1. Can you find, within segment 125-142, the residue that is surrounded by the most Cβ atoms within 10 Å (Cβ to Cβ) among those that are outside any strand (DSSP E or B) and modelled with pLDDT of 85 or more?
2. Looking only at segment 113-124, which residues are outside any loop (DSSP other than H, G, I, E, B) and of a type outside the set (A, V, I, L, M)?
3. If you take the residues in segment 84-112 that are closer than 15 Å to residue 135 by Cα and part of a loop (DSSP other than H, G, I, E, B), which one is least open to solvent (accessible area, probe 1.4 Å)?
4. If I filter segment 41-53 for residues that are out of contact with any strand residue (DSSP E or B) (no Cβ under 9 Å at 6 or more places or on another chain), surrounded by fewer than 19 Cβ atoms within 10 Å (Cβ to Cβ), without any contact (Cβ under 8 Å) to a residue 60 or more places away in the chain and within 22 Å of residue 145 (Cβ to Cβ), do I get at least one hit?
5. Do you know which of the residues in segment 113-123 that are touching a residue at least 24 places away in the same chain (Cβ under 8 Å), open to solvent by less than 50 Å² (accessible area, probe 1.4 Å) and not aliphatic (A, V, I, L, M) is nearest to residue 54 (Cα to Cα)?
6. Can you name the residue in segment 54-65 that is without any contact (Cβ under 8 Å) to a residue 60 or more places away in the chain and of a type in the set (S, T, N, Q) and is also surrounded by the most Cβ atoms within 10 Å (Cβ to Cβ) among such residues?
7. Among the residues that make up segment 66-83, is at least one of them surrounded by 15 or more Cβ atoms within 10 Å (Cβ to Cβ), of a type in the set (Lys, Arg) and not in a loop (DSSP other than H, G, I, E, B)?
Amino acid sequence: MRKRSILAAAVTAGTLAALVPAMSAHAAEYSSALKVRGVQYDAPGRDSNSCTSGNTAAEYLTVKNYSTKSTVNLKGYVVKDATGNRFTFTANHYLEPGDYVKLRGGHGTDSDKSNVVYRDNCNFLWNNDRDTIYLYKPSGSRADVHSYTKSGSDPDGDGYIRYHN
């Protein structure tokens, strides 16, 4: 009888040990599914934040869903910079696994089809020389941090320093 109890305990422990990494991997994937993919921080041309003739719409941040399984709704996510400038996604915008959205300055029509959300603000958000961008979940916990320096624009995510929680 004692041998069966020890065997049952060993099997149970083995089963739990096998489940814990699977649960942790899923939790880790969800907690870091959305990441800053890149940033076009120095809009082409002479900087002008005029709503009628400015180039703030050419400044954008790309956020990508790196999950292979989960669709993520951007509603409630917050983007901030190092000085406290912020943007909150106030509308539903669903990112399928592998999908992305460009958060642009200026005014325009948000579109799931075109993967774009406008800040409805004509002021520049990102510094042209360097900045740190923070992406927060609706819960307030940090989803990603993205830092850059003036080494050229970074629309595809190459050549930047990246920190993750």
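1. To start, the set of residues in segment 125-142 that are outside any strand (DSSP E or B) comprises 125-129, 137-141.
From what is left, the residues that are modelled with pLDDT of 85 or more are 137-141.
Details: 137: 17, 138: 14, 139: 8, 140: 8, 141: 9.
Selected residue: 137.
2. 118, 121
3. 89
4. Within segment 41-53, not a single residue is out of contact with any strand residue (DSSP E or B) (no Cβ under 9 Å at 6 or more places or on another chain), surrounded by fewer than 19 Cβ atoms within 10 Å (Cβ to Cβ), without any contact (Cβ under 8 Å) to a residue 60 or more places away in the chain and within 22 Å of residue 145 (Cβ to Cβ).
5. 122
6. Applying the filter and picking the extreme gives 65.
7. yes
The values are calculated or read from the model by the stated rules, or taken from the named source; none is laboratory data. Predicted model, so just to flag it, every value in this text is computed and none were measured. For neighbour counting, all protein chains shown are included, and Cβ atoms are generated from backbone atoms with ideal geometry for every residue, glycine included. The protein model used for the area step is the full one, side chains on, heavy atoms only, and it has no ligands, DNA or RNA in it. Shrake-Rupley method; radii C 1.70, N 1.55, O 1.52, S 1.80 Å.
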